[in-house]
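Okay, so here's the structure we're looking at.
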Amino acid sequence: MKPYTRVYAEIDLDAVVHNMQAMQAGLAAGAKMIGVVKTDGYGHGAAPVAHAIDPYVAGYAVAAIEEARNLQLHGITKPILILGATHPSRSRELAEYGIRPAIFTMEQAEALSEAALELNRGRAAVHLAVDTGMSRIGLSCDEAGACLAAEIGRLPGIWVEGIFTHFARADEADKAPAMRQWEKYREFIRLTEEKGLTVPIHHAANSAAIIELGGTHWDMVRAGISIYGMYPSDEVERTEVKLWPVMSLHSFVTYVKEIPAGTEVSYGGTFKAERATKVATVPIGYGDGYPRNLSGKGSVLIRGQRAPILGRVCMDQLMADVTDIPGVRVDDPVTLIGRDGEERITVEELARAGGGFHYEIVCDIGRRVPRVYMRDGRVVGTKDYFEDRYEDFLSG
Ligand SMILES: *Cc1c(COP(=O)(O)O)cnc(C)c1O
């Protein structure tokens, strides 16, 4: 039994496992996987996904120290890397919890080195970030950057466990820009080795490179969007690594009525019925992360058929045209993402229809939407964001 009556996202952990196995089958010899579970596992729930992929990964990657701690508090014990910058004032926590930061300035490195020495529990493991073309974070990819890398490697409280870069354009059909980044990265590694820095783990590949640039797998790859069953872009080829969609989004009809021709629907009256129309109201909206830019464009599935969205998506509700779908009743299931009979709506379709981005759509599915975790066709857990407790605040 699914315990929710308004809206819920179903997370298919069997598909997650399938996606990991499909990627693993194509990995270069010796390459290990990092599971990227930032932004609460791209909206799927970081802790449940992390546990599901644990047998397939050597570690995890997140974007914030809070995300890393949250995984550890949920029993994740493998190494966790923070992909972006971590403020030097958080160095003690990094050292204490063994969370690996991306390091690319001497200031960050010195602060962490000192914190590690103070704690007296050995060197703090770090991954050096190298900027080969994103212009986001990372050591400059030149002689000066290589000198800095070697200098950081000599700090008494630091152990450079990894060195990585990030592709800006690996998801494009033309792989030349990505390969130029790769060559720069290789050259940078050569420079740092010349200066006496040896690093055990090299990693560059994101999902696009995992699927299409086997030559860049090296010691480790960072799988993100592909864990969740989506391809990075339409240009990435889909025959080698078959991914299965993981998230589906469900709601229920709360009201059905007939409106005469000429009646407007929703804010702004952007839809006006040209014929007598049967309208179903569905209690999901942009407040749940369902994109408002699907107003008048998207559709939902009811009784295995497509029901076009009428007028604007509201914060908490939307209306759909069910004139041509016989027998629609209150409490009928509504599928906003996923399969119903022969019909299917993918996240990619929503992105195309609304002019959005598929990564963003899943990340944005909100905290008002509980997640229901399925394995072998059974509910194995739920994540309900309304379990927050504020007793101290209320009594104070
Ligand atoms: C988010 C991120 C990834 C994962 O990218 P996908 O395209 O989702 O596979 C990998 N590396 C870095 C540095 C990232 O920020």
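Worth a mention:
- When the Cα positions of M23, A149, L197 are compared along the charge dipole of segment 14-228, M23 comes out farthest toward the positive end, with charges on each C-beta of Lys, Arg, Asp and Glu.
- To put it simply, the accessible area of segment 279-320 at a 1.4 Å probe is 46 percent carbon and sulfur.
- In the context of the full set of protein chains, residues of the chain present 45 Å² of accessible surface per residue (probe radius 1.4 Å, heavy atoms only).
- Under-23-angstrom lysine pairs by C-alpha in the chain, whenever the two are 8 or more apart or on separate chains: 17
- Once the C-beta distance of R190 and V330 is scaled by a Förster radius of 56 Å, the resulting FRET efficiency is 0.25 to the nearest 0.05.
- Model label points for V380 and T105, set 7 angstrom from Cα along the Cα-to-Cβ axis, are 4.3 nm apart.
- Whole-Å distance, taken between Cα centres, linking segment 256-286 and segment 143-208: 55
- Counting DSSP beta bridges with both ends in the chain, the antiparallel % (nearest 5): 55
- Computed over the chain, the ratio Rg/Rh where both radii use C-alpha atoms and Rh is Kirkwood: 1.04
- Relative contact order (%) - the chain, alpha-carbon pairs under 8 angstrom, separation at least six: 17
- Estimated distance in nm for a label pair at E240 and S140, the labels positioned 7 Å out from Cα along Cα-to-Cβ: 3.5
- Taking the chain as a Gaussian network of alpha-carbon nodes connected by springs under 10 Å, the highest mean-square fluctuation of the residues M20, M247, M106 belongs to M106.
- These residues, C314, C363, go from largest to smallest accessible area, 1.4 Å probe, as C363, C314.
The values are calculated or read from the model by the stated rules, or taken from the named source; none is laboratory data. As the structure is a prediction and not an experimental result, all values here were calculated from the model. So basically every Cβ, Gly included, is an ideal-geometry build from the backbone, and we count neighbours across all protein chains shown. Keep in mind that these areas ignore ligands, DNA and RNA; they rest on the heavy atoms of the full protein, side chains included. Shrake-Rupley method; radii C 1.70, N 1.55, O 1.52, S 1.80 Å.
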